[in-house]
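K.L.:
My questions will all concern the structure given below.
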Amino acid sequence: MKILAALALSLALIAPVNAAVDPHAGSMQVIHITDDPGGSVGGYYQKYKALSDAGTEIHFHGMCASACTMVLFVEFTGIKACADEGAIFAFHKPFSEKEGKVARSKRAVKETRKIWAMWLEELPPQLRKYLKSVHVPSATEGDEQNTLLLIPANLLLPKCPLTVADQ
């Protein structure tokens, strides 16, 4: 593990989302995310758009990293999200790979900065301001691929009414 800003953790770029639907939730769909390492930005956008359109409630119980953090985009107004104590959002700038290696060309750096600027504009103003003021890890710009900026979820979301332990 590395320390960077708050902390850093290892990130598996491709792993299954550990989410479960709560059968006791009544008519509103409740999804519990215990640890989500992220993945395809396009896939996460489509997932969160559908969940927002459905008026889904999402409870975060562990780490939400990389593309998972798209849940915080202001356009997903139909998602009601909350977090348990200890839940964490983990950020890094986007990057692309070619033949298993992070692209670090001048063009890749320029594209990363452009995409990151667009990403920031989708976030709530206070979070956007904070992320602009700190070093957010960028594999394209030389940081190690598994380095993340961690932010406690309780700084970004309300506390969930019930924790996993209470259920």
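No value in this document is a laboratory result; all are computed from the given coordinates. On a predicted model such as this, the values are computed, not experimentally measured, just so you know. Neighbour counts run over all protein chains shown; Cβ positions are idealised from the backbone, glycine included.
K.L.:
What does the highest-first list of 84-97, 40-53 look like by mean Cβ count within 10 Å?
P.N.:
Put in order of decreasing packing, that is 84-97, 40-53.
K.L.:
My understanding is that a pair violates if its Cα-Cα distance is over 32 Å; which of Lys110/Lys159; Lys49/Lys98; Lys49/Lys101; Lys49/Lys159; Lys49/Lys114 do that in this structure?
P.N.:
In this structure, Lys110/Lys159 lie more than 32 Å apart at Cα.
K.L.:
Also: Could you state the orientation-averaged shadow area of the convex hull built on the Cα atoms of region 18-159, in nm² to one decimal?
P.N.:
Result: a mean projected hull area of 8.7 nm².
K.L.:
Report the normalised scattering of region 24-67 as log10 I(q)/I(0) at q = 0.15, 0.20, 0.21, 0.25 Å⁻¹, calculated by the Debye formula with identical scatterers on the alpha carbons.
P.N.:
Debye output, listed in q order: -0.40, -0.69, -0.76, -0.97.
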